[in-house]
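Written out below as structure tokens is the structure these notes cover.
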Amino acid sequence: MCGGDRMKDLIPLSEAEGKVKVVRIEGGEDVEKKLKDLNIDVGEIIEVERVTHEHYGPLILKVDDRDIVIPRGYS
């Protein structure tokens, strides 16, 4: 999953801050399905609430006014 407005602005979600637009989901069908179940899909605007640690640990996102915790491997 990546955030950014233009191709040159694409960054991994784990490096993003604030509101980002999901422009791509990588990781296979299982990852895509799990994220869609959480209302995270290409084109959605989500907010990166907090990164627990720069290099490891889960990410906390705000999606549809709900806090969602996802594994860093999904980011």
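Could you list which residues have their amide H under 5 Å from that of Ile68, counting only those 5 or more apart in sequence or on another chain, with H placed in the peptide plane?
Under 5 Å from the amide H of Ile68: Leu61, Lys62, Val63.
Given 0.36 nm per residue, what is the gain on full extension from Glu15 to Lys62 after removing their alpha carbon distance, in nm?
Here the answer is 15.4 nm.
Residue separation times 0.36 nm, minus the C-alpha to C-alpha distance between Glu49 and Lys34: what's the value?
Taking Glu49 through Lys34 to full extension adds about 3.4 nm, to one decimal.
Every read-out reported here was derived from the displayed coordinates using simple, explicitly stated rules and does not represent laboratory data. Please read all numbers here as calculations on a predicted model, not as lab measurements.
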